[in-house]
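First, the structure itself, so that you have it in front of you.
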Amino acid sequence: MEDGAEAALKGGDKLETRKRIGVLTGGGDCPGLNAAIRAVTKYSIQLGYEVIGFLDGLTGLMEGRYRHLDYVMTSGIIDKGGTILGTSGVAPQQVEARSTDVFRNVEMLGLQAVVIIGGNTTLSIASRLSGMGLPVVGIPKTIDNDVKETDYTIGFQTAVQIATDALDRLRSTAESHNRVMILEVMGRDTGWIATCAGMANGADAILIPEVPVDIQELCKMLRGRYESGKRFSIVVVAEGTGLPVETTGGCGRPEAVSKTLERIIQERTGLESRTTLLGHVQRGGTPVAYDRSLATSLGVKAVRLVEEGKQGHMAALKGNQIVSVPLERLAEGIKTVDLGLYHNAEIFFG
C-alpha cells in the first residue's frame, strides 16, 4: 500500500470504520521527535488503535499523505535524531485556506484524533483547527523551550548539551591563544539555550533577547579580565539578541549578531576575537536521556487525552507531573527566560 492517500481516500469512499489515531511532527526538527512518535504509536496500539502517521507535517495532513505506523516501524528509533515522518513549516493562513481538505482527510480516515507534535507556530495552528472542531491533541517540542504552559519542551535539553559541549571546547582554544571566543546559538525570540548552556559552561557573558545589551560595559569587562591576568573570555549570544543601533550602523542586524560583536570587541578592546555559529548542529543527532524520557511521557499522556476525550488540550510538564492544558492558552504568547535564572548566571560574569 502506497504512502499517502489510499484508494478509498482518492475515490472519496469512507474507509471501513476502525479505531484510529493520527500523528504528525510539524515545524523545525529537534532531537526526541522519534521518541515521541514511538510512544504515541506503541501505546495507541496497546489500546487497540490503528496509527496513521502523516508525512511532512501539516503539509501531509492537508494533502492526505501518510503511512501506517506499527511496532516494527517504530522499534529502535528512540535514540534516533530527526523524525521518521518528516516535517515542514507552514503558515497558519495556508492551513486555514485548506481546512476543508484537512477535515475531509481526517473524516475519510476515521480518526478519533490527530496528535500534533510541534512548537509555537504548529501548536497555534493546532489550536485554531481545534477551535474549528477538529479533534486535536498537542505535544510541545522546540529546542528554544519557549512554549508556554510547560516547563520544558522536547529537544531543549539536547540542544543545551550540544551548546555546552561547544563552549567547553572553545574555552581550551581561547585559553591557548588568549582570545575572546563568541558562540552564537539559536534563540530567535528567547535566550533559553544561551542562558542554560552559558551557565553550565561558566561563560563570562551571556547575551539574550530578554536583556538589553550594554556594549560599553561588556567591552570594559572583557578588557578588565585581560588586564587582571585572565587572558581569555567566553561569550555566548542568542541569535535574536538586539544590539544598540549605533553598533550596527543604523541598519538593524545586517550580519549575524556574533559577527557584529566580534568586530566591536576587537575595535574597542584590541583583543583578538573569534566567532563560531553553532547553527543547525543544535537540532541534530542523538537526543539525551532527558529528552527521550520527556518525549515518551508526553506521548503517553497525549494518547490518554485522546482516550479521555480531551481534544483541544496539550500534554505538558509542570514540576514533576505530566498534565494537560488547553491549547488556547498558547495564544497568550511565548515563554521568555526566567530572569531569576539569568541573574544567577550573571553573578559569575567577568
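The values are calculated or read from the model by the stated rules, or taken from the named source; none is laboratory data. The structure presented is a predicted model; accordingly, all values stated were derived computationally and were not measured. Using ideal geometry, Cβ is built from the backbone for each residue, glycine included, and neighbour counts are taken over all protein chains shown.
Which condition number in (1) closer than 17 Å to LYS310 by Cα; (2) over 12 Å from the mean Cα position of the chain (by Cα) is the one that ILE117 fails?
Only one criterion is unmet by ILE117, namely (2).
If I ask for residues that are buried (at least 19 other Cβ atoms within 10 Å of the Cβ) and over 14 Å from ALA295 (Cβ atoms), which ones from segment 148-158 would you list?
Answer for segment 148-158, where residues must be buried (at least 19 other Cβ atoms within 10 Å of the Cβ) and over 14 Å from ALA295 (Cβ atoms): just GLU149.
For segment 264-291, how many residues are under 23 Å from TYR226 (Cα atoms) and either at pLDDT below 95 or outside any helix (DSSP H, G or I) (or both)? Break it down into steps so the answer makes sense when it comes.
First, the residues of segment 264-291 that are under 23 Å from TYR226 (Cα atoms): 264-276.
Right, trim to either at pLDDT below 95 or outside any helix (DSSP H, G or I) (or both) and you get 270-276.
Result for segment 264-291: 7.
Determine whether THR336 is in contact (Cβ under 8 Å) with a residue 60 or more places away in the chain, among the hydroxyl-bearing types (Ser, Thr, Tyr), closer than 30 Å to LEU129 by Cβ and not in a loop (DSSP other than H, G, I, E, B). Talk me through it step by step, then tell me what you get.
Values: in contact (Cβ under 8 Å) with a residue 60 or more places away in the chain: yes; among the hydroxyl-bearing types (Ser, Thr, Tyr): yes; closer than 30 Å to LEU129 by Cβ: yes; not in a loop (DSSP other than H, G, I, E, B): no.
Criteria not met by THR336.
Can you tell me how many residues in segment 84-122 are more than 21 Å from ILE154 (Cβ to Cβ) and either of a type in the set (S, T, N, Q) or in a strand (DSSP E or B) (or both)?
Of the residues in segment 84-122, 7 are more than 21 Å from ILE154 (Cβ to Cβ) and either of a type in the set (S, T, N, Q) or in a strand (DSSP E or B) (or both).
Another one. Out of segment 310-333, which residues are part of a strand (DSSP E or B) and of a type in the set (Gly, Ala, Ser)?
Start the filter on segment 310-333 by keeping residues that are part of a strand (DSSP E or B), which leaves 313-318, 321-326.
Within segment 310-333, ALA315, ALA316, SER324 qualify.
Residue by residue through segment 168-185, note down the ones that are of a type in the set (A, V, I, L, M, F, W, C) and either crowded, with 24+ Cβ neighbours inside 10 Å or part of a strand (DSSP E or B) (or both).
VAL180, MET181, ILE182, LEU183, VAL185
Does GLN216 meet the test of being assigned to a helix (DSSP H, G or I), closer than 30 Å to GLY333 by Cβ and of a type outside the set (Lys, Arg)?
On the way: assigned to a helix (DSSP H, G or I): yes; closer than 30 Å to GLY333 by Cβ: no; of a type outside the set (Lys, Arg): yes.
The answer is no for GLN216.
If you don't mind, another one. Just to check your reading of the model, which residue among THR269, THR296 is in contact (Cβ under 8 Å) with a residue 40 or more places away in the chain, surrounded by 13 or more Cβ atoms within 10 Å (Cβ to Cβ) and within 29 Å of GLY82 (Cβ to Cβ)?
Details: THR269 fails: within 29 Å of GLY82 (Cβ to Cβ).
THR296 is the lone residue from the list that is in contact (Cβ under 8 Å) with a residue 40 or more places away in the chain, surrounded by 13 or more Cβ atoms within 10 Å (Cβ to Cβ) and within 29 Å of GLY82 (Cβ to Cβ).
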